[in-house]
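Asks: Submitted below is the structure of interest, expressed as C-alpha cells.
Nothing in this text is a laboratory measurement; each read-out follows from the coordinates by a stated rule. Because the structure is a prediction, the values reported are computed rather than measured. Cβ sites come from the backbone with ideal geometry, for glycine too, and all protein chains shown count toward neighbours.
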Amino acid sequence: MKLKNLFLIVLCVFALSCKQNQQTVVVAGDSWATFICVYKSLDKSLEKEGVLDTSVNATCPLTTRTGMHAEDWFDSSFHKATKVALEDPTVKVLYLSLGGNDFLSLWNNKLSPADESKLFNTIAANVADVIQQYHELRPDIKIILSGYDYPRFIPNHPIAEYKEAFENMG
C-alpha cells in the first residue's frame with residue numbers, strides 16, 4: 001500500500017512539473033478564433049513546427065463566438081471567460097480576432113469616403129479598447145491581433161466576382 005501511495009505522489013509531482021513548463025495560448029474573439037478551436041489548427045501548426053510546450057486553451061469554446069462584434073465584446077460572456085482564462089499563469093499569449101463582423105455588418109457601397117473612414121476608425125478604436133484592457137490585466141502577455149484581408153470593392157472592379165459583390169452590397 002505504501003508503495004502505491006509513493007507512486008501516486010511521484011506521479012503527481014511529475015505531472016505538476018510538466019505543467020509548469022507548459023505554455024498556453026488563449027484564443028478569443030469571433031469566427032476566425034472559433035475556427036482555430038474547432039479545427040485545432042493552431043495546435044496542429046505548433047506541433048508541426050516542433051513547439052510541443054504550447055497549446056490552445058481548453059476553454060476555447062467559451063472565449064470565442066462566430067458573429068461576435070468588437071463593439072459588443074465587453075458585454076459578452078466570452079469577454080468574461082477570456083478574463084478568467086488569462087488568470088492562468090501558464091498563459092503567455094492571447095490570440096484575438098475581432099472587428100471583421102463589425103465591418104461586414106456596417107459597411108455598404110453607399111458610404112461616403114468620410115463615413116467609411118469614420119467606420120474604420122470606430123472599429124479600430126473598439127478593438128484597441130479590448131487590447132488595452134487585456135494588457136492592463138496581464139501586461140506580461142503578448143497579444144496577437146488576427147488580421148482581415150478584404151478585397152477593395154469598387155464600382156466596375158476588373159474581377160467580375162468582386163464587381164458583382166459590390167453591386168449587391170448596400
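Asks: Which net charge results for the neighbourhood of Lys92, defined as the other residues with beta-carbon distances under 11 angstrom from its beta-carbon, given Lys and Arg at +1 and Asp and Glu at -1?
Replies: Within the 11 Å Cβ shell, the charges total -1.
Asks: Another question, then. Provide the packing ranking of 92-104, 133-145, i.e. peptides ordered by the mean count of other C-beta atoms within 10 Å per residue, highest first.
Replies: Numbers: 92-104: 21.6, 133-145: 13.5.
Per-residue Cβ counts within 10 Å, averaged per peptide and sorted highest first, yield 92-104, 133-145.
Asks: For every other residue with a beta carbon closer than 15 angstrom to the beta carbon of Val38, add +1 if it is Lys or Arg and -1 if Asp or Glu, then tell me the sum.
Replies: Neighbour charge sum, excluding Val38 itself: +1.
Asks: Test of understanding: what is the full-extension gain from Ile131 to Glu47, defined as 0.36 nm times their sequence separation minus their Cα-Cα distance?
Replies: 27.5 nm
Asks: Grab the other residues whose beta carbon is less than 12 angstrom from that of Phe74, score K and R as +1, D and E as -1, and report the net.
Replies: In short, -2.
Asks: Just the Cα atoms of region 49-107, one point each, no solvent: what log10 I(q)/I(0) does Debye give at q = 0.17, 0.26, 0.30 Å⁻¹?
Replies: After summing over all Cα pairs, the log10 values are -0.64, -1.11, -1.31.
Asks: Given just the C-alpha atoms of region 110-151, how large is their convex hull per residue in cubic angstrom?
Replies: With only Cα atoms used, region 110-151 gives 67 Å³ per residue.
Asks: From a point 7 Å beyond the Cα of Lys92 in the direction of its Cβ, which residues of region 39-74 have a backbone N at a distance under 12 Å?
Replies: Residues 51-55 fall inside that zone.
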